[in-house]
1. Hey, does region A:91-98 have a residue that's closer than 19 Å to residue B:150 by Cα and in contact (Cβ under 8 Å) with a residue 12 or more places away in the chain?
2. Can you tell me which residues in region A:46-60 are within 25 Å of residue B:226 (Cα to Cα) and more than 10 Å from every other protein chain (Cβ to nearest Cβ)?
3. Can you name every residue in region A:52-64 that is within 14 Å of the chain's Cα centre (by Cα), within 17 Å of residue A:97 (Cα to Cα) and not in a loop (DSSP other than H, G, I, E, B)?
4. Anything in region A:65-77 that is free of Cβ contacts under 8 Å to residues at least 24 places away in the same chain and either touching a strand residue (DSSP E or B) at 6+ places or on another chain (Cβ under 7 Å) or in a helix (DSSP H, G or I) (or both)? List them, or say none.
5. Give the residue that is modelled with the highest pLDDT, with candidates limited to residues of region B:42-81 that are surrounded by fewer than 17 Cβ atoms within 10 Å (Cβ to Cβ) and in a helix (DSSP H, G or I).
6. Only one of B:124, B:160 is modelled with pLDDT of 90 or more, closer than 27 Å to residue A:83 by Cα, buried (at least 22 other Cβ atoms within 10 Å of the Cβ) and within 28 Å of the chain's Cα centre (by Cα). Can you tell me which?
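The values are calculated or read from the model by the stated rules, or taken from the named source; none is laboratory data. Since this is a predicted model, take the numbers as computed values, not measurements. Every residue, glycine among them, receives a Cβ derived from its backbone with ideal geometry; neighbour counts consider all protein chains shown.
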């Protein structure tokens, strides 16, 4: 494991904290614009979309996927920043520049994370996980709720 | 002293049994989590103080009935010595377990930091088809998401996920769950509050995420889809099979109208905590009345 980078403080973590969480009060169901998002949030969104897509995306397509409230230039800036951090790589699709997530970094992170979480008995218990195990009754209720939403 | 010193134990029991039932589902999660954290901390402090008082009653047994220099020593002996010994035992076990827990926590946070600090973005992606996501607190914090989780959600659902995890970091939920965990270690009567605290922090993050995206229905859908995606994938290694509470309840709560603060519930809770503190003050007074003459006689 390369040692030099360990002590380096994550530059990206600063905007994450400074971004106000309850950004803009938003009238529920008004169907207006989504509230403004901070730099950390935007990076997460762009990175998330690239990972979810599976194949490289041109900035134009990515911009289309993320919805209309983001300026094209913003998407481009974020892509450049993520590339500088080594989190996305640039390739080409039909001769146009396109971006894909950096696989190596994420594979390394996955291996390390498994190692960290497997070291102790109940290490995940202290983490705040988005979802945890489901009971069969919960699972049925969730499936019903999702199908109701998609039909409604 | 005979009764008052045990009241904090009794109050802890009422708090553990009554509080989640009374308040957890009827208050906005922010208020629920804060009152739970504060209540658990006070319950633990009250109980530890009670145990310390009971332990201190053993002091008078240090001296024999007849002391060569002091003559006949009057022994107040406010409680049975066996009770005092049990109190000492509970205190020692509690402190040892707390120290071990803190050590374990520091170790995992150090490991996770070493991993996350190399990522110069708030989001750390794991190349892993098993959907999972969690927040790693400290130094601004990081959100760890597997590629499987990102692929399972739509653009707007991912926005909910990110907002949820950011709430954990910004509101420092690890302190809430950590304090309640520590309280439960010092006072095993509170053990049931551990899961309640985790549940309330999740609800808090759910509600905040719903407010951030401006759509409770979307937040519910995102949570449901993430949970089902995780259920559809074969279980990750045993370490990740984490028995959390109530995805179903969280989704249902997001689909229902938001809870409103109920002053009666909060007042009842404050009354309980007040009773406990008063009983500790009372027991301390009794203790001093009985033991101070003894200590003066000895010194």
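1. Within region A:91-98, the subset closer than 19 Å to residue B:150 by Cα is none.
No, region A:91-98 contains no residue that is closer than 19 Å to residue B:150 by Cα and in contact (Cβ under 8 Å) with a residue 12 or more places away in the chain.
2. From region A:46-60, those within 25 Å of residue B:226 (Cα to Cα) are A:46-57; that's our starting set.
Selection gives A:55, A:56, A:57.
3. Restricting attention to region A:52-64, the residues satisfying the condition of being within 14 Å of the chain's Cα centre (by Cα) are A:52-54, A:62.
Next cut, within 17 Å of residue A:97 (Cα to Cα) only: A:53-54, A:62.
Result: A:53, A:62.
4. Once the filter is applied, which keeps residues that are free of Cβ contacts under 8 Å to residues at least 24 places away in the same chain and either touching a strand residue (DSSP E or B) at 6+ places or on another chain (Cβ under 7 Å) or in a helix (DSSP H, G or I) (or both), region A:65-77 yields A:65, A:66, A:72, A:73, A:76, A:77.
5. Applying the first criterion (surrounded by fewer than 17 Cβ atoms within 10 Å (Cβ to Cβ)) to region B:42-81 yields B:52, B:56, B:58-59, B:61-75, B:77, B:80-81.
Filter once more, keeping what is in a helix (DSSP H, G or I): B:52, B:56, B:58-59, B:61-62, B:81.
On the way: B:52: 91, B:56: 86, B:58: 83, B:59: 77, B:61: 71, B:62: 68, B:81: 82.
So the residue we want is B:52.
6. Numbers: B:124 fails: modelled with pLDDT of 90 or more.
Just one listed residue meets the conditions, B:160.
Yes/no per residue for (1) at pLDDT below 90; (2) crowded, with 23+ Cβ neighbours inside 10 Å; (3) within 7 Å of chain A (Cβ to nearest Cβ):
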position	(1), (2), (3)
B:204	no, yes, no
B:207	no, no, no
B:210	no, yes, no
B:214	no, no, yes
B:221	no, yes, yes
B:228	yes, no, yes
B:233	yes, no, no
B:236	yes, no, no
